Structure formats: C-alpha cells, structure tokens
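Asker: One structure follows; several queries about it will come next.
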Amino acid sequence: MVLVDTSVWVDYFNGVRTPQSEWLDRLIGSGRLLTGDLILVELLQGFSTEKDYRTARKLLLELPCAELVGREGALVAADYYRRLRKLGVTVRKTIDLLIGAYCIQHGHELLHADKDFDPMQQHLGLRILQ
C-alpha cells in the first residue's frame, strides 16, 4: 500500500503538476492507496469552499483509512524522534514523524513532497515511492 502525505494531496487538489501529484493521479483507482486519520484532518481543514470540501471528502472516504497513532505508534514515533536527534536531525512537524513511523512499522511506501521525511528515509528505512 502507498500512504499519500498531505503535501501531495494539496498539490493534487490545487491542480499543481508535480512528479508526486502525477503518481497520485496514476494510483487513484488502483487499490494501492491508503490515507490516514491525521492526513484527513490536515487536508480537509484547509478547503475554503464547501463544494471543494465535499468533493475531496467524498474521494478520500473511498480510500482505506489507517489510524496512524495509538499508544504503540506514539511510542515508536518518540523513539524515532530521539534516534534522529542523536544524529543531529530534527523533524519539524510531529504529524510527519507519526506518518513516517506508521509507514515504517507497517511496511507501507510513502508518497510525499515534504523534506521532513528525507531523514526518516535515510536513517530509519522509510520507504518512499519515487
């Protein structure tokens, strides 16, 4: 499965053509896409019109949705944060750390356009769809 980060969904819904949004366009309907509860919140809270919100919500609700945190996920993410800090790397956004940790734990690839995931790939084995 491929978990799609908010950074890619934002570009996709705004019609911004990037390699990641093109990947997403190809993957829609493939049965390989996964979203997560935190991604739903981040993405859906950003729509300014009711029409766009409803359209995005409908599409996203067709995808399987993972609960990204929970107790074990929180502990794993905290451990990963501490490992990265010892290497001199700080992940700026906790939600990105939680998303990356979930993907690592469950063996999912991540489709993203956010540099916060790069150290997770380099040092923790996060699999990135490229």
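We did not get these values from a lab; they are worked out from the coordinates using the rules stated. Note that this is a predicted model, so its numbers are computed, not measured. Here Cβ is always computed from backbone atoms with ideal geometry, including for glycine, and neighbour counts include all displayed protein chains.
So that you can scan it fast, the table gives a plain yes or no per residue for (1) of a type outside the set (Phe, Trp, Tyr); (2) part of a strand (DSSP E or B); (3) within 18 Å of Asp11 (Cα to Cα):
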{"site": "Gly31", "(1), (2), (3)": "yes, no, no"}
{"site": "Leu34", "(1), (2), (3)": "yes, yes, yes"}
{"site": "Ala56", "(1), (2), (3)": "yes, no, yes"}
{"site": "Leu68", "(1), (2), (3)": "yes, no, no"}
{"site": "Tyr81", "(1), (2), (3)": "no, no, no"}
{"site": "Val89", "(1), (2), (3)": "yes, no, no"}
{"site": "Gln130", "(1), (2), (3)": "yes, no, yes"}
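Asker: Sort through Val10, Val41, Val69, Val2 and tell me the only one that's touching a residue at least 40 places away in the same chain (Cβ under 8 Å) and either surrounded by 13 or more Cβ atoms within 10 Å (Cβ to Cβ) or not polar (S, T, N, Q) (or both). Even if it seems obvious, please write down each step before you answer.
Answerer: Details: Val10 fails: touching a residue at least 40 places away in the same chain (Cβ under 8 Å); Val41 fails: touching a residue at least 40 places away in the same chain (Cβ under 8 Å); Val69 fails: touching a residue at least 40 places away in the same chain (Cβ under 8 Å).
None of the other options fit; the residue is Val2.
Asker: Next question, about the same structure. Please go through region 115-130 and give me each residue that is of a type outside the set (A, V, I, L, M) and touching a strand residue (DSSP E or B) at 6+ places or on another chain (Cβ under 6 Å), ordered by number. Lay out the reasoning, then the answer.
Answerer: Step one: list which residues in region 115-130 are of a type outside the set (A, V, I, L, M), which gives 115-119, 121-123, 125, 127, 130.
Gln121, Arg127 - these are the residues of region 115-130 that are of a type outside the set (A, V, I, L, M) and touching a strand residue (DSSP E or B) at 6+ places or on another chain (Cβ under 6 Å).
Asker: Now for a separate question. Only one of these conditions is not met by Arg57: (1) in contact with a helix residue (DSSP H, G or I) (Cβ under 8 Å, 6 or more places away or on another chain); (2) closer than 18 Å to Ile128 by Cβ; (3) not polar (S, T, N, Q). Which number is it?
Answerer: Here Arg57 meets the rest and fails (2).
Asker: Additional query: Restricting the search to region 11-68, which residues are among the small types (Gly, Ala, Ser) and more than 22 Å from Ile95 (Cβ to Cβ)?
Answerer: We begin by selecting, within region 11-68, every residue among the small types (Gly, Ala, Ser); these are 15, 21, 29-31, 36, 46, 48, 56, 66.
Listed by number, the residues that qualify are Gly15, Gly29, Ser30, Gly31.
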